[in-house]
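The block underneath contains the structure these notes are about, expressed in structure tokens.
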Amino acid sequence: MGFSAIPPRNDTAIIVPAINYWAQRSDAAIIHASPHWAAMIGGASPAAAVDSVEVPLANYFRAKGLGLVFTVDATDGLDRSKEAPELVALGGSVTDTAIQRLYREWVFAVADKLHPEYLGLAAETNLIRAAAPDSVYQAVVMMANDVAAQIRAAAVPCKLYVSIQVEVAWGKPSGPYQGIAQDLTDFPFMDAFGLSSYPYLGGFTVPEDLPLDYYSKVAEGTTLPVLVVEGGWPSIAVGSFVSSPALQARYITRQLLLLDHAAARGVFQLTFYDLDLSGVSPPPPPTIGLFTHLGLADSAMNAKPALTVWDNAFRRPSSP
């Protein structure tokens, strides 16, 4: 159970205190990161790029006794129809062989230097397949499989996965159930699979409407373990979606049942805090507004009701 190092606001002075607050109710941390395209295209080696950012953060997590899960994001995390904005701005594409090589070298450096317990080689692959050009999806498939083979050949001790967007797998908001058969075919190296779930974006208005098998059904037909690697439920209204701190707490309560039903190995939220983006320049895209109030604490680092539910779950005895 854990979170990522995303701070509540653009202030480097609060990064460490912010981590220290959520680390008290976590036994693992997650890093969700894209390759450092600008640095690498600018001449930095992939290994040096990992040394400069990910290694110090991972070392801090380890020093606090936290396990580590890492998801690589190869496209645009806020719009899966597009490639990573930093890469696009530099005129690059994952369909380019030179960019594919940088991806492989950077991901291998992450595996080799950080040794995360679980390493996700791509994020929300079924949503990329549905939304992005096929050439982009096929590039993601090839890159992930190639670096998986490299990691295996080097006997790096980490379990590999890609993440699946749960709402897409269920055909939400209005289509039939889709499943993940294609992902299992395209990414045969998986030792586990990650789940990404934002049910309020899939048409659910109250947490209790989530079927008890909402996670476990996605895993049907496979013996692979699952872990939720991103997701959440906002504590305020988002567009026409109405919510509240109490409703968010009910979501965590419901999610715990879904996790138990799926015998999940872990659960992570990328944001422990709500996000105050007033100091961010340039301004992020408007779609970020869908995700700014998922935190279990607000942007002033005050706990919300959902944190009590999380804390109670964290104190439960671990399963054998």
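The values are calculated or read from the model by the stated rules, or taken from the named source; none is laboratory data. None of the values given here were measured: they were computed from a predicted structure. Cβ sites come from the backbone with ideal geometry, for glycine too, and all protein chains shown count toward neighbours. In case anyone asks, the SASA skips ligands and DNA or RNA and just uses the protein heavy atoms, side chains included. Shrake-Rupley method; radii C 1.70, N 1.55, O 1.52, S 1.80 Å.
Would you check if LEU78 is among the aliphatic types (A, V, I, L, M) and modelled with pLDDT under 95?
yes
Got a sec? Which of VAL238, VAL218, VAL226 is at pLDDT below 95 and touching a helix residue (DSSP H, G or I) at 6+ places or on another chain (Cβ under 7 Å)?
Exactly one residue qualifies, and that residue is VAL238.
Answer yes or no as to whether ALA132 is out of contact with any His (no Cβ under 8 Å at 6 or more places or on another chain) and open to solvent by less than 60 Å² (accessible area, probe 1.4 Å).
Yes; evaluated as a whole, the condition is true for this residue.
Would it be correct to say that GLN182 is in contact (Cβ under 8 Å) with a residue 12 or more places away in the chain, in a loop (DSSP other than H, G, I, E, B) and open to solvent by 70 Å² or more (accessible area, probe 1.4 Å)?
Criteria not met by GLN182.
Return yes when LEU68 is touching a residue at least 12 places away in the same chain (Cβ under 8 Å), out of contact with any Pro (no Cβ under 8 Å at 6 or more places or on another chain), surrounded by 18 or more Cβ atoms within 10 Å (Cβ to Cβ) and of a type outside the set (Asp, Glu) and no when it is not.
Taking the combined requirement at face value, the residue does not satisfy it.
Looking at region 266-278 only, could you name the residues that are within 21 Å of ALA33 (Cα to Cα), in a loop (DSSP other than H, G, I, E, B) and not β-branched (Val, Ile, Thr)?
LEU270, PHE272, ASP274, LEU275, LEU277
For region 143-179, enumerate the residues that are at pLDDT 95 or above, within 21 Å of TRP233 (Cα to Cα) and surrounded by fewer than 15 Cβ atoms within 10 Å (Cβ to Cβ).
GLY171
Being in contact with a His (Cβ under 9 Å, 6 or more places away or on another chain), more than 26 Å from THR75 (Cα to Cα), of a type outside the set (D, E, K, R) and surrounded by fewer than 19 Cβ atoms within 10 Å (Cβ to Cβ) narrows it down to one of LEU256, LEU212, so name that one.
Testing whether each residue is in contact with a His (Cβ under 9 Å, 6 or more places away or on another chain), more than 26 Å from THR75 (Cα to Cα), of a type outside the set (D, E, K, R) and surrounded by fewer than 19 Cβ atoms within 10 Å (Cβ to Cβ) leaves just LEU212.
For ALA18, state whether it is farther than 21 Å from GLN269 by Cβ, among the small types (Gly, Ala, Ser) and either under 18 Å from the mean Cα position of the chain (by Cα) or outside any loop (DSSP other than H, G, I, E, B) (or both).
So ALA18 fails the test.
Of everything in region 292-305, what is within 20 Å of the chain's Cα centre (by Cα), more than 19 Å from PRO17 (Cβ to Cβ) and either part of a helix (DSSP H, G or I) or touching a residue at least 60 places away in the same chain (Cβ under 8 Å) (or both)? Give them in sequence order.
LEU294
Evaluate region 243-253: report whether one residue or more is within 20 Å of the chain's Cα centre (by Cα) and among the hydroxyl-bearing types (Ser, Thr, Tyr).
yes
Tell me which of these SER318 doesn't satisfy, since it passes every other one: (1) within 18 Å of GLN255 (Cβ to Cβ); (2) at pLDDT 95 or above.
Failed condition: (2).
What are the residue pairs meeting all of these: first residue in region 270-284, first residue acidic (Asp, Glu), second residue part of a loop (DSSP other than H, G, I, E, B) and open to solvent by 50 Å² or more (accessible area, probe 1.4 Å), Cβ atoms under 9 Å, and 6 or more apart or on different chains?
What qualifies is ASP274/ILE236; ASP274/HIS293; ASP274/ALA300; ASP276/ASN10; ASP276/ALA300.
So for region 114-126 (the condition being surrounded by fewer than 22 Cβ atoms within 10 Å (Cβ to Cβ) and of a type in the set (S, T, N, Q)), does at least one residue qualify?
Taking every residue of region 114-126 in turn, none turns out to be surrounded by fewer than 22 Cβ atoms within 10 Å (Cβ to Cβ) and of a type in the set (S, T, N, Q).
Can you tell me which residue is farthest from TYR200 (Cα to Cα) among those in region 268-313 that are buried (at least 17 other Cβ atoms within 10 Å of the Cβ) and of a type in the set (Val, Ile, Thr)?
VAL309
Go through the residues of region 219-226 one by one and say whether even a single one is part of a helix (DSSP H, G or I), touching a residue at least 40 places away in the same chain (Cβ under 8 Å), over 16 Å from TRP310 (Cα atoms) and open to solvent by less than 70 Å² (accessible area, probe 1.4 Å).
The answer is yes, given that some residue of region 219-226 is part of a helix (DSSP H, G or I), touching a residue at least 40 places away in the same chain (Cβ under 8 Å), over 16 Å from TRP310 (Cα atoms) and open to solvent by less than 70 Å² (accessible area, probe 1.4 Å).
Looking for something open to solvent by less than 10 Å² (accessible area, probe 1.4 Å), among the aliphatic types (A, V, I, L, M) and in contact with a helix residue (DSSP H, G or I) (Cβ under 6 Å, 6 or more places away or on another chain) - is there at least one such residue anywhere in region 81-90?
Yes, region 81-90 has at least one match.
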